[in-house]
1. What number goes with the only condition from (1) open to solvent by less than 40 Å² (accessible area, probe 1.4 Å); (2) without any contact (Cβ under 8 Å) to a residue 24 or more places away in the chain; (3) not aliphatic (A, V, I, L, M) that G132 does not pass?
2. For the stretch 144-178, name all the residues that are over 19 Å from the mean Cα position of the chain (by Cα) and open to solvent by less than 10 Å² (accessible area, probe 1.4 Å).
3. When you scan the stretch 191-242, how many residues do you find that are closer than 25 Å to Q256 by Cα, open to solvent by 60 Å² or more (accessible area, probe 1.4 Å) and not acidic (D, E)?
4. So V140 fits all but one of (1) open to solvent by 40 Å² or more (accessible area, probe 1.4 Å); (2) farther than 25 Å from V33 by Cβ; what number is the exception?
5. Mind listing whichever residues of the stretch 7-41 are within 15 Å of the ligand (Cβ to nearest atom) and either free of Cβ contacts under 8 Å to residues at least 24 places away in the same chain or β-branched (V, I, T) (or both)?
6. Would you check if R4 is within 16 Å of G125 (Cβ to Cβ) and in contact (Cβ under 8 Å) with a residue 24 or more places away in the chain?
7. Exactly one of (1) touching a Phe, Trp or Tyr at 6+ places or on another chain (Cβ under 7 Å); (2) within 24 Å of A94 (Cβ to Cβ); (3) within 12 Å of the ligand (Cβ to nearest atom) is unmet by K156. Its number?
8. Given the conditions (1) within 13 Å of the ligand (Cβ to nearest atom); (2) farther than 15 Å from N86 by Cα; (3) among the aliphatic types (A, V, I, L, M), and given that A138 satisfies all but one, which numbered condition is not satisfied?
Amino acid sequence: MDLRGKTALVTGSTSGIGLGIAHALARAGADVVLTGFGDALAAVEAVAAHGTQVWHLPADLSDPAQIEALFEQVQQQVGRLDILVNNAGIQHVAPVERFAPEAWDRIIALNLSAVFHCTRLALPGMRAAGWGRIVNIASVHGLVGSVGKAAYVAAKHGVIGLTKVVGLETADSPVTCNALCPGWVLTPLVQQQIDARAADGQTVTEAQQALLAEKQPSGAFVTPEHLGELVLFLCSEAGSQVRGAAWNVDGGWLAQ
Ligand code: NAD
């Protein structure tokens, strides 16, 4: 896989899955724009160790105006965008009748609307350049529900619908758009859910095993590295006729 000369933007790449995907893209030779909160400097240094150019551009992607500003900065500082990985996402767990409306709005803004805004802003440049890849990190929760996750499940189902439409609208072009649908991946987003169970009396190990046993028949976590390799496949020539797909990577979760 040779992505030298290509530039990728991976949203939410200071941590977890996004950081793993940024590593995979940089290892394949792509220059990478990182976004996200937390220790951005550490993320930039780690990804830059692969020898490509790496930027961190700060933006709160739940705000459409900040997304527009981010894309202007990409245009000015980086100059091109060949690969967009829409990954930034958050979770909030509560039954629907006690689900805070502000939490609903925050999740829809980041997990769904930001995917729309980044896509609409990235596409014209990709079409003009005659090549592009958009990969949306959805979730198994884009294909099935789970209790307590009304906003997350609604947003991720929306991402899969959007992926199909963009996949169709680009089907006659060298730009593709697909979604990956991971099961449990051990990242800070999932660690919060494990910690919440541990606070109810289980050890962290018991809580991890219980979480996996409920949904993921393999009993093992999917890793950011697994997802990074799939993004590379979607960027390859062999991946060029995968269009509008929602590809689950879930240790068997959806086979049940
Ligand atoms: P994470 O918490 O490790 O990382 C989330 C990233 O998003 C971080 O870089 C964070 O700074 C960034 N972010 C958060 N709010 C933001 C905002 N308002 N603006 C810009 N960036 C923001 O989470 P993760 O588990 O790596 O999740 C990444 C994606 O994968 C999410 O879309 C999530 O829904 C999806 N996913 C995760 C799992 C899992 O098991 N971890 C499973 C399926 C899908």
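1. (2)
2. Within the stretch 144-178, just T170 meets the criteria.
3. Count: 7.
4. Answer for V140: the failing condition is (1).
5. Selection gives V10, T11, T14, I17, I21, V32, V33, T35, F37, L41.
6. Numbers: within 16 Å of G125 (Cβ to Cβ): no; in contact (Cβ under 8 Å) with a residue 24 or more places away in the chain: yes.
Spelling it out, it is not the case that R4 is within 16 Å of G125 (Cβ to Cβ) and in contact (Cβ under 8 Å) with a residue 24 or more places away in the chain.
7. Of (1) touching a Phe, Trp or Tyr at 6+ places or on another chain (Cβ under 7 Å); (2) within 24 Å of A94 (Cβ to Cβ); (3) within 12 Å of the ligand (Cβ to nearest atom), only one is false for K156: (1).
8. For A138, the exception is condition (2).
The values are calculated or read from the model by the stated rules, or taken from the named source; none is laboratory data. What you see is a predicted model, and the numbers here were worked out from it, not measured in a lab. Note: ideal-geometry Cβ built from the backbone for every residue, glycine included; neighbour counts use all protein chains shown. Side chains are part of the model used for accessible areas, which takes the heavy atoms of the whole protein and leaves out ligands, DNA and RNA. Shrake-Rupley method; radii C 1.70, N 1.55, O 1.52, S 1.80 Å.
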